[in-house]
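Everything below concerns the one structure shown next.
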Amino acid sequence: MRDRYFVGLSAVLAISMLAPLAASGQPAPAGAAVGESYQTPWGDPDLQGTWTNTTTTPLQRPADLADREFLTTEEHAVRDQQVALSVDLDNRYPAGDGTPVSVGAYNNYWMERGTLGTRTSLIVDPPDGRLPPMTPEEEALQSRGKVSTFSSIRFDSVEDFNALDRCISRGMPGAMMPGFYNHNYQILQTPDHVVIFVEMVHDARIIPLDGRAHPPAAVRQWMGDSRARWEGETLVVESTNFNNKVNGRQELGHTQGGGTVFGGDENLRLIERFTRVSADTIDYEFTVVDPSVWVAPWTVSLPMTAIDGPLFEYACHEGNYAMTNILAGARAEEQTSR
């Protein structure tokens, strides 16, 4: 469930900056007839609106569907119910074998899972629907246990928590991936910029369309540096210049056979493609190229569906005592173990 607070300052700034042009180029309403032209007044394809990509389709293809790209209608009906039950946080017996889960953080009221798609995985390349292997260097980094939420057996400082725990960023491609809640996006356009405002952790991506070069390699950013261009009806966004601070590569999710990849390292190159295909759908794909993390590129297909806005501020750390209490608990435990 989205945190319903006041609209975030960054959203207000982004919208205010674009207001003179965006106001005259509102997106086609969700009920627009199929086949209607989706163009801005200046002639670009119109991607504007508020969208969600929430889904229970797993990132990686489950083992029992190893050679299957799509589910049949009958399989989908059965598996959709099974997955919905398995991710329901009010279900204390998700394994189905009578084993209860331990007490968790949220109940199901807070979740926005979506439904299962007919694809067996969000990954469409490699063809097996699975992430490629990590490089040996990345495997070694993962094994050190400081790259994932609560993965360290010690909590010496805030640096033992990843960037999402600290409400900084999920990085890329994590900011554009679903998993639990708040996977909603507002897109605004002018002739020379596109803004993608992310509800979760309130990242705002302001992307030039004017052909300018990326900044020097020494300039590194949490969300990378993005440049966009039109290829026919498709907006192609290429991002480079990432920092190496969002290094939780794969968080295990609640959906079958998958998880959420947060960010890459400084060698990441991300290519995204947005194509408006109907009044209420954007065909969204991204390809991850990061040779120091993954032995091969991989591509995800993740449709975005129109929703009624607006986005709301995600008040991530206000009133959050978890981090200080975890650190204080670790210090208290050290005292009793001496």
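The values are calculated or read from the model by the stated rules, or taken from the named source; none is laboratory data. In this text, all values refer to a predicted model and were calculated from it rather than measured experimentally. Cβ placement follows ideal geometry from the backbone for every residue including glycine, while neighbour counts extend to all protein chains displayed. With ligands, DNA and RNA removed, areas are computed over all heavy atoms of the protein, side chains included. Shrake-Rupley method; radii C 1.70, N 1.55, O 1.52, S 1.80 Å.
Test each condition in (1) open to solvent by less than 10 Å² (accessible area, probe 1.4 Å); (2) modelled with pLDDT under 95 for I207 and report the one that comes out false.
Of everything listed in (1) open to solvent by less than 10 Å² (accessible area, probe 1.4 Å); (2) modelled with pLDDT under 95, I207 misses just condition (2).
So which of S121, S148, S143 is modelled with pLDDT of 90 or more and closer than 18 Å to F262 by Cα?
Within the list S121, S148, S143, the selection yields S121.
Please verify whether region 164-171 includes one or more residues that are open to solvent by 40 Å² or more (accessible area, probe 1.4 Å) and at pLDDT below 90.
yes
Taking region 156-199 on its own, how many of its residues are in contact (Cβ under 8 Å) with a residue 24 or more places away in the chain and either in contact with an Asp or Glu (Cβ under 6 Å, 6 or more places away or on another chain) or not hydrophobic (A, V, I, L, M, F, W, C) (or both)?
24
Out of everything in region 244-257 that is touching a Ser or Thr at 6+ places or on another chain (Cβ under 8 Å) and open to solvent by 10 Å² or more (accessible area, probe 1.4 Å), what residue ends up being modelled with the highest pLDDT?
Across region 244-257, the extreme among qualifying residues is Q250.
Which of the numbered conditions does C316 fail, given that it passes all the others? Conditions: (1) open to solvent by less than 30 Å² (accessible area, probe 1.4 Å); (2) in contact with a strand residue (DSSP E or B) (Cβ under 9 Å, 6 or more places away or on another chain).
That leaves (2) as the condition not met.
For V261, which of the numbered conditions (1) in contact with a Lys or Arg (Cβ under 7 Å, 6 or more places away or on another chain); (2) at pLDDT 90 or above; (3) not small (G, A, S) fails to hold?
Among (1) in contact with a Lys or Arg (Cβ under 7 Å, 6 or more places away or on another chain); (2) at pLDDT 90 or above; (3) not small (G, A, S), the lone unmet condition for V261 is (2).
Take region 269-314 and flag every residue that is within 18 Å of the chain's Cα centre (by Cα), closer than 24 Å to Q60 by Cβ and of a type in the set (A, V, I, L, M, F, W, C).
Within region 269-314, L270, I271, F274, I282, F286, V288, V289, W298, V300, L302, M304 meet the criteria.
Would you pick out the residues in region 183-203 that are touching a Phe, Trp or Tyr at 6+ places or on another chain (Cβ under 7 Å) and surrounded by fewer than 17 Cβ atoms within 10 Å (Cβ to Cβ)?
Hit for region 183-203 is P191, nothing else.
Any idea how many residues of region 202-222 are under 21 Å from Q186 (Cβ atoms) and out of contact with any helix residue (DSSP H, G or I) (no Cβ under 7 Å at 6 or more places or on another chain)?
6
Quick one: in region 262-285, which of the residues that are of a type in the set (A, V, I, L, M) and free of Cβ contacts under 8 Å to residues at least 40 places away in the same chain is surrounded by the fewest Cβ atoms within 10 Å (Cβ to Cβ)?
V277
Restricting attention to region 320-338, report how many residues are among the small types (G, A, S) and open to solvent by 60 Å² or more (accessible area, probe 1.4 Å).
1
Residues to consider are G43, G31; find the one that is modelled with pLDDT under 60 and open to solvent by 20 Å² or more (accessible area, probe 1.4 Å).
On inspection, the qualifying residue turns out to be G31.
Condition first: open to solvent by 80 Å² or more (accessible area, probe 1.4 Å) and over 24 Å from the mean Cα position of the chain (by Cα). Now tell me which residues in region 59-89 satisfy that.
Selection gives D64, D67, T73, E74, V78.
Just checking, how many residues over region 74-118 are at pLDDT 85 or above, closer than 30 Å to V288 by Cα and hydrophobic (A, V, I, L, M, F, W, C)?
So the answer is 1.
For region 178-200, enumerate the residues that are at pLDDT below 90 and closer than 18 Å to V246 by Cα.
Listed by number, the residues that qualify are P178, G179, M200.
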